[in-house]
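Notes follow the structure.
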Amino acid sequence: MGARVARMFRNFNLENRVLREISKEKPRVAPRHAVNLPRADGSSGAEPVNQKNDPLLALLKSVYVESTDPAAAQVRETSKELTVGSRAGRRPLRFSLPGDPFGLVELTDVPKGKLTIAEALKALSSHQHQPKTWTAETIAQEFSLDLKDTRALLEFFTPFQVKIIPRKTKNVKQIKDS
């Protein structure tokens with residue numbers, strides 16, 4: 001209740017009070033303090049900085065640097081080897097999801113020793129459904145993986161399983177709405 005009364009007094013005759021404040025004359029601005037700045041014509045002590053020093057200029061002109069960078073040639077050679085080696089260490093994609101999932105660019109090849117999520121799920125589900133044909137050795141050979149990593153993958157990861165449990169019978173008592 002107190003806030004309502006305070007709001008009434010605060011908003012009472014608000015427009016007239018605002019117009020009265022706006023129509024008042026503005027106070028004059030205080031004068032600025034006088035500052036002694038150096039003159040712009042250059043008569044101060046800054047002349048030696050702006051002038052050319054002939055002996056120093058002659059010494060600078062006599063300096064000549066000639067350098068060769070042998071490391072740059074080595075870097076170019078190693079980068080060429082890396083691009084050739086990286087293409088050789090890649091394998092084509094075996095399995096991918098249809099369409100364009102999540103708006104990402106579809107991969108065409110994968111480095112050896114790596115799997116995409118779709119390939120990992122395919123390998124895990126294949127092993128789960130047919131463990132005799134899709135052994136760890138077969139999956140390692142199919143997807144260019146390390147055998148130790150493939151065994152760990154099959155041991156510690158399983159794809160989701162959806163189990164639908166049917167109702168037992170219709171004769172079972174059920175709680176009904178009241």
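The values are calculated or read from the model by the stated rules, or taken from the named source; none is laboratory data. For clarity, every value in this text was computed on a predicted model and none was experimentally measured. Heads up, the Cβs are rebuilt from the backbone with ideal geometry, glycines too, and the neighbour counts pull from every protein chain shown. SASA here: full protein model, heavy atoms, side chains in, ligands and nucleic acids out. Shrake-Rupley method; radii C 1.70, N 1.55, O 1.52, S 1.80 Å.
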Mind counting the residues in region 130-147 that are free of Cβ contacts under 8 Å to residues at least 24 places away in the same chain, surrounded by 16 or more Cβ atoms within 10 Å (Cβ to Cβ) and either in a loop (DSSP other than H, G, I, E, B) or of a type in the set (Lys, Arg) (or both)?
1
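Among the residues of region 153-175, is any at pLDDT 90 or above, surrounded by 11 or more Cβ atoms within 10 Å (Cβ to Cβ) and not in a loop (DSSP other than H, G, I, E, B)? Step through it out loud before you land on a result.
Restricting attention to region 153-175, the residues satisfying the condition of being at pLDDT 90 or above are 153-156.
Checking which are surrounded by 11 or more Cβ atoms within 10 Å (Cβ to Cβ) leaves us with 153-154.
Now restrict to residues that are not in a loop (DSSP other than H, G, I, E, B): 153-154.
Within region 153-175, one or more residues are at pLDDT 90 or above, surrounded by 11 or more Cβ atoms within 10 Å (Cβ to Cβ) and not in a loop (DSSP other than H, G, I, E, B).
Give 75, 84, 18 a once-over and let me know the one that is of a type in the set (A, V, I, L, M, F, W, C), surrounded by 10 or more Cβ atoms within 10 Å (Cβ to Cβ), assigned to a helix (DSSP H, G or I) and modelled with pLDDT of 85 or more.
On the way: 75 fails: modelled with pLDDT of 85 or more; 84 fails: modelled with pLDDT of 85 or more.
On inspection, the qualifying residue turns out to be 18.
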List every residue pair whose Cβ atoms sit under 6 Å apart, with the two residues 6 or more apart in sequence or on different chains, where the first one lies in region 115-129 and is farther than 19 Å from residue 141 by Cβ and touching a residue at least 24 places away in the same chain (Cβ under 8 Å) and the second, anywhere, is among the acidic types (Asp, Glu) and open to solvent by less than 30 Å² (accessible area, probe 1.4 Å).
none
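Go through the residues of region 101-117 one by one and say whether even a single one is farther than 30 Å from residue 157 by Cα, open to solvent by less than 90 Å² (accessible area, probe 1.4 Å), at pLDDT below 85 and not basic (Lys, Arg).
Step one: filter region 101-117 for residues farther than 30 Å from residue 157 by Cα, giving none.
No, because not a single residue in region 101-117 is farther than 30 Å from residue 157 by Cα, open to solvent by less than 90 Å² (accessible area, probe 1.4 Å), at pLDDT below 85 and not basic (Lys, Arg).
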